[in-house]
Amino acid sequence: MRTERYDIIIIGSGAGGGTIAWGLAESAARILVLERGGAIPQEAQNWDPEAVWKHLRYRVDERWLDRRGREFQPYTHYCVGGNTKFWGSVLYRLRRADFEAVEHADGVSPAWPIDYDTLDPTEAPRRPYPYDPVPHEPVMAGIVADLRALGLRPSPLPLGLLRPGEAGGCILCNTCNSFPCQVRAKSDAEVCCVEPAAGRSNVTLWTHALARRLLTDPSGRTVEAVEVTHQGETVRVEAPLVVVSCGAVNSAALLLRSATDRHPDGLANSSGLVGRRYMAHLATMMQGFHPFRRNQTVFQKTVALNDFYLHGPGGGYPLGQIQSQGRTHGVMAQTVAPWIPRWAYDAWVARGVDWLAISEDLPDDDNRVLVDRDGRIRLHYRPNNLAAHRRLVVEMKRILRRLGFWVVMAHSHRDRNTTHQCGTLVFGTDPRASVLDPYCRTHDVENLFVVDASFFPSSAAVNPGLTIVAQALRVADHIRQTHLD
Ligand SMILES: Cc1cc2nc3c(=O)[nH]c(=O)nc-3n(C[C@H](O)[C@H](O)[C@H](O)COP(=O)(O)OP(=O)(O)OC[C@H]3O[C@@H](n4cnc5c(N)ncnc54)[C@H](O)[C@@H]3O)c2cc1C
Ligand code: SF4
């Protein structure tokens, strides 16, 4: 087997891995980024709903098992930039309360080992914001006014679009969320981080490079090397520092697959928590339909309702957040009920306004990633906090009917929604109750960090991306100070 040596190995090039590669690139360290997928080509299919939603052109083709042992195709992507290539670029911060223990309908959302100010170290909130919000198109502006008239407080969605409306920038199209950006104007990890990092002479990117196992020294306290299948060849890559960032499910799976006689339950697993506390959000897509109102909106993802984030209407437990969604295309809607003809869906979605309701699910030791003897991933996940989510959906239906929509449709991928996966290697101060320390270093293995969504001790009820990025930058600073300077 061929052996290679670097100073730092980063496994995965998504939100966490891409960001930390960028954060460390200016050091003198020789960095190798391993990415199991390839780069998404710029091609017409990027924005073709049929290619993306019917033929699943960019989706992983592997199958995982659910808690009943049934196969499913996870909604996730292996490519340079990871899932950020497909994200809707909604970049929310968590709220202050999300870092604290919060009582929910189904139990307590635990406190984080860091607080809001740790990830937002500026002295005061920055105002005015450096960029204006993306303006609402006329239909959405009308809805925002109507929501205000109901006494609600809609706010603009924070979006990571590059130079919207400017030459060479984002054209505010109707194929953003779930599509790769054909003009590369999305703030994805490839465009913002991996490419700039890989342009430096000390950073090397291997694509089609699958990390199979982490190999430790005899004590089990140090990772010595990563076993990699790179374009068909098995390679042993050694480094004094390894950063895992394969996404919450695959990072846990990698540690479990790295079991040896010395640590038979998986690497860094003295707490027994590797793979446990998987969370994914409770998410329901909703659509308000009016037969005589054509919705001319192109870029629809501009507004959010946070009125029920901390309490339901009239008090009570937190319910979550509602965002307007990208436009649904007929072929996307057809995936729910394929026997209905496309023309009917096209006519329907042309008159619909799309929303996404997100609620927090709570950490539960029994919700976990497991790896079968043949290495296959089994996702044992039973969603909780469902009553809160149902209340949020009911409330939004009521609101949409008051806005004049005749019918409100709702659809959820339920326990197979893996887009906001997190929590499988929680961080904390107590090695008995967490896998990672507050800087995302494993308690058990001194030279092993994990900087993807695995570290989340709770899922909050906003999109996770910006928090993954913020923590990856913080860990990069920490590594530079403690290992490189
Ligand atoms: C359709 C969609 C829309 C979304 N919209 C939003 C949004 O608007 N806002 C938001 O904040 N979040 C959004 N998300 C979620 C967001 O994309 C993820 O939370 C985020 O990308 C997770 O970052 P990560 O670093 O944990 O993992 P990923 O970004 O998934 O990166 C993991 C990387 O590791 C690679 N990898 C895995 N295993 C291995 C291995 N063994 N060896 C080598 N490489 C490996 C993968 O190929 C991948 O590139 C969306 C997700 C999807 C799918
Ligand atoms: S052009 Fe803008 S709206 Fe369209 S996919 Fe790219 S970033 Fe998204």
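The values are calculated or read from the model by the stated rules, or taken from the named source; none is laboratory data. The structure presented is a predicted model; accordingly, all values stated were derived computationally and were not measured. Using ideal geometry, Cβ is built from the backbone for each residue, glycine included, and neighbour counts are taken over all protein chains shown. What goes into the accessible areas is simple: the full protein's heavy atoms, side chains included, and nothing from ligands, DNA or RNA. Shrake-Rupley method; radii C 1.70, N 1.55, O 1.52, S 1.80 Å.
Computed values, structure above
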item: Residues of segment 212-266 that turn out to be polar (S, T, N, Q) and in a strand (DSSP E or B), as a count; result: 3
item: Index of the failed condition, Ile479 passing every other in (1) within 15 Å of Pro113 (Cβ to Cβ); (2) more than 16 Å from ligand 1 (Cβ to nearest atom); (3) outside any loop (DSSP other than H, G, I, E, B); (4) open to solvent by less than 10 Å² (accessible area, probe 1.4 Å); result: (1)
item: Inter-residue pairs, beta-carbon under 8 Å, first on the phi > 0 side of the Ramachandran plot and in segment 179-199, second open to solvent by 40 Å² or more (accessible area, probe 1.4 Å) and more than 8 Å from ligand 2 (Cβ to nearest atom), 6+ apart; result: Arg184/Gln42
item: Looking only at segment 421-436, and only at residues there that are open to solvent by less than 10 Å² (accessible area, probe 1.4 Å) and β-branched (Val, Ile, Thr), the one that is farthest from Pro457 (Cα to Cα); result: Val435
item: Sole residue being open to solvent by less than 20 Å² (accessible area, probe 1.4 Å), within 19 Å of Trp87 (Cα to Cα) and among the hydrophobic types (A, V, I, L, M, F, W, C), chosen from Ile40, Ile31, Ile20, Ile10; result: Ile20
item: Unique residue being buried (at least 17 other Cβ atoms within 10 Å of the Cβ), within 16 Å of ligand 1 (Cβ to nearest atom) and on the phi < 0 side of the Ramachandran plot when the list is Leu267, Leu241, Leu273; result: Leu267
item: Output for segment 181-193, where each listed residue is assigned to a loop (DSSP other than H, G, I, E, B) and out of contact with any strand residue (DSSP E or B) (no Cβ under 8 Å at 6 or more places or on another chain); result: Cys181, Gln182, Val183, Arg184, Asp188
item: Test result for Val298, in contact with a helix residue (DSSP H, G or I) (Cβ under 6 Å, 6 or more places away or on another chain), surrounded by fewer than 23 Cβ atoms within 10 Å (Cβ to Cβ) and on the phi < 0 side of the Ramachandran plot; result: no
item: Any hit, segment 278-290, residues being more than 14 Å from ligand 1 (Cβ to nearest atom), farther than 25 Å from Gly465 by Cα, open to solvent by less than 10 Å² (accessible area, probe 1.4 Å) and assigned to a loop (DSSP other than H, G, I, E, B); result: no
item: Residues being open to solvent by less than 100 Å² (accessible area, probe 1.4 Å), away from ligand 1 (no atom under 16 Å from the Cβ) and part of a loop (DSSP other than H, G, I, E, B) - total across segment 136-166; result: 6
item: Output for segment 177-190, where each listed residue is crowded, with 24+ Cβ neighbours inside 10 Å, farther than 13 Å from Ala39 by Cα and within 9 Å of ligand 1 (Cβ to nearest atom); result: Phe179
item: Any hit, segment 363-382, residues being under 25 Å from Val90 (Cα atoms), open to solvent by 10 Å² or more (accessible area, probe 1.4 Å) and outside any loop (DSSP other than H, G, I, E, B); result: no
item: Any hit, segment 9-30, residues being within 30 Å of Pro133 (Cα to Cα) and not in a helix (DSSP H, G or I); result: yes
item: Members of segment 321-336 that are within 20 Å of the chain's Cα centre (by Cα) and either of a type in the set (A, V, I, L, M, F, W, C) or open to solvent by less than 10 Å² (accessible area, probe 1.4 Å) (or both); result: Gln321, Ile322, Gln323, Ser324
item: Segment 197-228: number of residues that are closer than 25 Å to Ala39 by Cα and open to solvent by 30 Å² or more (accessible area, probe 1.4 Å); result: 12
item: Condition met for Arg67 (basic (Lys, Arg), surrounded by 17 or more Cβ atoms within 10 Å (Cβ to Cβ), in contact (Cβ under 8 Å) with a residue 24 or more places away in the chain and in a loop (DSSP other than H, G, I, E, B)); result: no
item: Selected residue (criterion: farthest from Ser359 (Cα to Cα)) from residues of segment 437-446 that are part of a loop (DSSP other than H, G, I, E, B) and open to solvent by 10 Å² or more (accessible area, probe 1.4 Å); result: Glu446
